[in-house]
Protein chains: 2
Amino acid sequence: MNDTSFNPRDCGTCPIRHRAVCSRCEPDELDHLDDIKYYRTYEAGQPVIWAGDPMEFVASVVTGIATLSQTMEDGRTQMVGLLLPSDFIGRPGREHAPFDVVAVTDLTLCCFRKKPFEDLMGSTPSIGGRLLQMTLDELDSAREWMLVLGRKTAREKIASLLMIIARRDAALHKRLPKDGVEFDLPLTREAMADYLGLTLETVSRQISALKKVGVIQLQGKRQVHIPDLQRLVSETGDDMDGGHIF
Amino acid sequence: MNDTSFNPRDCGTCPIRHRAVCSRCEPDELDHLDDIKYYRTYEAGQPVIWAGDPMEFVASVVTGIATLSQTMEDGRTQMVGLLLPSDFIGRPGREHAPFDVVAVTDLTLCCFRKKPFEDLMGSTPSIGGRLLQMTLDELDSAREWMLVLGRKTAREKIASLLMIIARRDAALHKRLPKDGVEFDLPLTREAMADYLGLTLETVSRQISALKKVGVIQLQGKRQVHIPDLQRLVSETGDDMDGGHIF
DNA sequence: ATCTTGCTTTGATCCTGATCAAAGTAACTG
DNA sequence: CAGTTACTTTGATCAGGATCAAAGCAAGAT
């Protein structure tokens, strides 16, 4: 991962754009907040929290990637969300974590102790408004993913996942995709399978198939190059005229 | 459907528990709101709104059932939500509907014109807070459903859907399930298939199979009787000790 | 009463993706 | 360097659910 180092006084990715919470906005006034705001780091593979555990903080992702997932008793696992920088973790007003959160890469979280954060929400309505908008976005994303899980073929699922990562990666680096996109695949084949409701073997086979027909190119296992985004889009099964591809 | 008639001055199901919005709380003060609050009815099968259409209201379901769904160009359809009485429809701050909304049964909505509703949210923070909690609940439900779509077998999917309907039905009628539950199945086999990411034939076969082993009993096609809820739970694949079954 | 129409059930067959198994690859370790 | 570990690829086979097809059923229309 391209972990650019960060200064805890100015993480720059906090989604709650309010001076009392995001130190980027008013870095000088924040000393008194140190007892409610702090940073945590996790190594790749470490759990952040398990479903059902009491959760005494909310947080936003500063660097790295985490997954949100659910596991059945017999071991079947379904990932229900991918947390990238600027994504928010936590349920104001809820006691327990609803899902497992695991660091996929090295991870830095900007955490807020829950009680003071909720007090702040009470006294600062704009934070709640911002959080509502973010939650509505997440809900739309989750529902879009339901179409992928319920109705798409393995091939279309892989293409859809690659599009999502390519899109978010391009947005993060503010790079417009002209004649090709290149990015680092942050997930193992197994993690992709858990996201897509497939087995890791099927993921591997479909990636090989996409490589064989030239839709994607791989250097090593993880570096992906997409020469022509339209060809990848046409593999997703999505409406090509959708407009909001990038 | 058991449509109990309702009085437009006191719908009793509005999820926004605030006197300025929900006439149940302070019915006498509400005359001035008639220009922002109104009721709409739809017949079974009628569309409420299509994905992408401009949406000039938000609403809550008073009676009946609606579905939220997505369709691909080739006709594959995935239902992404089931809207039952007291559920909320709409995106404050968004211009266009993200998904198709269709009335499954006869439907009554309690609508608020969007602009005035947003103004009211601005001046009344508790509405935003309530909406945030509801949206977080919906997000959790959507994510739980992702496990169903991605990892469960056809049999488990059917059992999971029956459990959801039984649970919501019991909650609505405030009836505790002692030695059995009985309810009306509001969806066609095809609608169930669209919800579960299956074909209607598979839905029919699995329902027949559950009937044959005695987990469910049918009178006609739609009236379902479940003699022993634990047996149905054990078909869902879910953790039996979960505690929050009912 | 007969004919529609819409929904459901059941049967036969096929195919996508799961499962089981083994070999390949790359990064680390001692 | 060989050996270990973690991940990935590829192969062979299987099975769950999709697809194609036809018949059953109930309510309403003529």
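Points worth noting:
- Averaged over the residues of B:75-86, the number of partner chain Cβ atoms lying within 10 Å of the residue Cβ comes to 3.
- Isotropic mean projected area of the C-alpha convex hull, the range A:153-242 (nm²): 5.6 nm²
- Coil-residue GluC sites (Glu not before Pro) of the range A:57-156, DSSP, other Cβ within 10 Å capped at 16: A:Glu73, A:Glu95
- Shielding by partners, peptide B:215-222 (average Cβ within 10 angstrom, other chains): 0
- The range B:85-159 - Rg (one decimal) and Dmax (whole number), Cα, Å: 16.0, 49
- Other residues lying with their Cβ under 11 Å from the Cβ of B:Pro54 contribute a combined charge of -1, Lys and Arg counting +1, Asp and Glu -1.
- Derived scalar couplings ³J(HN,Hα) [the range A:81-88; Karplus, 6.51 cos²θ - 1.76 cosθ + 1.60; whole Hz; x for Gly, Pro]: x, 10, 9, 10, x, 5, 6, 9
- Net dipole in debye of the range B:153-242 [+1 Lys, Arg Cβ; -1 Asp, Glu Cβ; about Cα centre; nearest 20]: 280 debye
- Cross-link check: pairs B:Lys157/B:Lys221; A:Lys115/B:Lys115; A:Lys212/B:Lys152; A:Lys157/B:Lys211 evaluated at a Cα-Cα cut-off of 23 Å; pairs beyond the cut-off: A:Lys115/B:Lys115; A:Lys212/B:Lys152; A:Lys157/B:Lys211.
FYI, it's all coordinate maths here, none of it is from the lab. Note that the coordinates shown come from a computational prediction; the quantities given were computed from them, not determined experimentally. Cβ: placed from backbone, ideal geometry, glycine included. Neighbour counts: every protein chain shown.
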